[in-house]
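The structure appears right after this line, and notes come after that.
The values are calculated or read from the model by the stated rules, or taken from the named source; none is laboratory data. These numbers come from a predicted model, not from an experiment. Every residue, glycine among them, receives a Cβ derived from its backbone with ideal geometry; neighbour counts consider all protein chains shown. Please note that ligands, DNA and RNA were not included when accessible areas were found on the heavy atoms of the full protein model with its side chains. Shrake-Rupley method; radii C 1.70, N 1.55, O 1.52, S 1.80 Å.
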Amino acid sequence: MTHKVKGIGASMGIAIGKAFVLPTWEWDIREERMDPSDLAKEFERLYDGIRSSKDEIVFLQSEIREMVGREESTIFDAHLAILDDPIFMSEIQGIIQRQYKAAEVAVKEAIDHFVTMFDLLDDEYMKERALDIKDVGNRLLKHLLGAPEIRLPEDTQPYILVAKELSPSQLVHLNPQNVLGIAMLQGGRTSHSAIMARALGIPLVVGLEGKLSEPIQTGDHVIVDGENGYVYVEPNEEIKHWYEERRKAYIREADELAKIKDLPAATLDGHTIQLASNISSTRELDIALGVGAESVGLFRTEFLYMDRSYAPSEIEQYTVYREVAETFPGQSVIIRTLDIGGDKPLDFLQLADEDNPFLGYRGIRICLDQTDIFKTQLRALLRASAYGKIKILLPMISSLEELYAAKDVLEQAKQELKQEEIAYDEDILIGMMIEIPAAAALADLFAEEVDFFSIGTNDLVQYTLAVDRMNEQIAHMYDPFHPAVLRLIRSTVLAAKKHGIMVGVCGEMAGDPRAVPLWVALQVDELSMSSRSIPRVKHAIRKSSFEDSHEKVERVFQCRRKAEVDELLGIEHGPEAVDNKPETAQN
C-alpha cells in the first residue's frame, strides 16, 4: 500500500529508487572510575584523539572543496572551532579531572549535555548546530574507541539514503552518482547537511520524524520530492509514472539552463527583470557570477557578526563591503544592515530569552537601541560606497518613527565622515524591507521617504498568516501564494510604482519559477534569490510574455480560495489526483 508523508523540501529534484537505511551511532561505553594516578595518561589519550580528529577534518575539508567548492567546505571550519572551543573542551576536561572518568565517557557526557541544552532552545539555528557538536563528538569518540566509520554501500547500485540525521562528515563520503536522493527524519532547510545536499544536487526531504506510520526499511521502493517535501513509500504504478515524467522534465530543463547563462532575463515581448543573488559572505561572489547574477540584491551582513566574541570593526566591515561592490562594478549592491534576533543570536550581545523572539527584540529595534554598533556599520557602508553602487537596506521597519530614527543615525554617520574628510557616495540610496504587514499597509507613506523597497517574502508570509514555518504542526499552512499575501505584495508594488521608486523581491518566493507570472505582470524591477535558483527563474521569464502574465495574474487576484490560485499558476503538490483516488488507495 502506498504511504505518503509530508516533510520539508530542502533540496530540489525528484529521486526514485530503493531505500538504504543508514545505521545510527551506538556507543558501548563502560563507566568505570579511573585511578587518580591515570589522569595524565587519560588527558594524553584525549589530546591524541583531538589531534587525530583535526587531521581527519582537514582532510575531509580538502575533499569536499574538490567536490562542491570552497564555500561549502567552510562548514568544517565550524567543526574545527568546536574542538578548539574552550567551553566544550573544559566541560570534557572537568569531567575527567573531577569525576575520574575515562576520556570517552567524558566526551559522551559533554556531547549529551550540549545537545540537550541546544535542543531545548526555541531557536532553529542552535538546534541545527547541535548536529555539528554530535558530528565532532562522534568523530572524537571513534578515535578514542578505535571504532570503524559507519559506511555507505560500496557497490555501484544507486539508492535513496534514509537516515535519522546526516552529518556533513557522512555527506563527504557520498557519491552523487550512487545517492539518488535523501530522506531525513530530523534536520531543517538551513542545516549544514541541507546546504551540502543542495551543493551536490541531491534531492532532500527533512523533518519526517513522527510522521511515518512505520519505519522505512532497506529495500523499500521510495520517491523523494525535494521541491514539495513529499516522500512516498511503496508508491503504486500511477504515482511512479507521474514522478518519472517530472524527473525527465528536470533533466530536460537542466540542459536548457546551461545555454542561457549569459542571456538577459527578458520575456518574449521584451520586458526585463534584473536577477540578483542573495549572499552572506564574499565567498559566495564567485558562485553568483558563475550562474549569471547581474547584481547583489541582498547581502546579509549578520553573518559578519556571528560566531565571534566581539563586534566586527569598521575597517573589517568596510573591507568586505568594498569587495562586494567592486565585484559588481556599475551594478547595484544592496546591503542590509544588521538583522539579528529571532533565529539569529550573537555571542557578544547578550539578548534576553523571549517567548516569541520573531515578534520581539530584533532587526532595526536592536540597531536603534545599540546605536554604537549601528553607526559603526553605517560608517563602513558609506566608506565602501565610494567604490561602487552600494544601496543601504533597513530591515524590520514597521513605522515611520523607526525609519526617521534610522535615517537620523545615518545622517550622523555622514556628518562624521565629512568632518574626517573621508569620501563616500553623497547620493547613496536608502531602502527598506517590506516584511511586516504594517509596512505593507503603509507602503504609500513609506514610498515617499525611501529610494526603494525590497519585499521580504519569507517573513511577510509568516507574519501575515501567523504561521511559524519551522513549526512542523502548521508548516503546511505557510503559503506564499495565499490570496492575502498576494494582495499585500500587489499593494506594495503599486505604491512603489506610483512614487517612482524601485521595488524588488527577495526570499524564497523570488526564486520560485511558479511566481514568475506575478512578477512580470506587476513589473517588479528586481528578483533576488539564492544563486542556484537564478537559472530556473531566468528560464521561466524567457518563456513568458507580459501579455499572457498580465491576463493570468488579473484572474489570480479575483480568486477567493488558495486552490484557485494554485490551478491558475500551475502549482502542484504531488500527484494528488492519482494517489487520492479511492480505487488506488488500496494499491
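Structure above, values below:
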read-out: Segments 366-378, 7-19 sorted - mean Cβ within 10 Å per residue, highest first; value: 7-19, 366-378
read-out: Amide hydrogen neighbours beyond the local backbone of residue 230, cut-off 5 Å, H modeled; value: 7, 225
read-out: Local electrostatic count at residue 511 - Lys and Arg +1, Asp and Glu -1, tallied over other residues with Cβ under 13 Å; value: +2
read-out: Debye intensity ratio I(q)/I(0), log10, region 264-368, q values 0.13, 0.20, 0.24 Å⁻¹ (C-alpha model); value: -0.59, -1.03, -1.26
read-out: Computed accessible area, residue 237, all protein chains, 1.4 angstrom probe, square angstrom; value: 130
read-out: Most to least accessible of 232, 100, 318 (protein chains only, probe 1.4 Å); value: 100, 318, 232
read-out: Rough spin-label spacing in nm, given labels placed 7 Å along Cα→Cβ, for residue 81 and residue 323; value: 1.6
read-out: Accessible area per residue, Å², the chain with all protein chains present, probe 1.4 Å; value: 45
read-out: Antiparallel %, DSSP beta bridges [both residues in the chain], to 5; value: 30
read-out: Of 6/240; 240/543; 375/418; 389/543, pairs whose Cα-Cα distance is over 25 Å; value: 240/543; 389/543
read-out: Estimated dipole of the chain in Debye, rounded to 20 [Cβ of Lys and Arg +1, of Asp and Glu -1, Cα centre]; value: 1020
read-out: Highest to lowest packing among 265-273, 531-539, scored as the average C-beta count within 10 Å; value: 531-539, 265-273
read-out: Reach of residue 134 by Cα under 16 Å, taken over lysines that are not fewer than 8 positions away in the same chain; value: 54, 108, 142, 164
read-out: Mean Cβ neighbour count within 10 Å, used as a protection proxy, ranking 279-292, 543-556, 29-42 highest first; value: 279-292, 543-556, 29-42
read-out: Computed [θ] at 222 nm, helices only, for the chain once each DSSP H run of length n ≥ 4 contributes -39500 (n - 2.57); value: -14000 deg cm²/dmol
read-out: If the convex hull is drawn through the Cα atoms of region 282-324, its volume per residue in Å³; value: 72
read-out: Gyration tensor verdict on region 281-431 (Cα atoms; rounded if a/c is under 1.5, prolate if a/b is larger than b/c, oblate otherwise); value: oblate
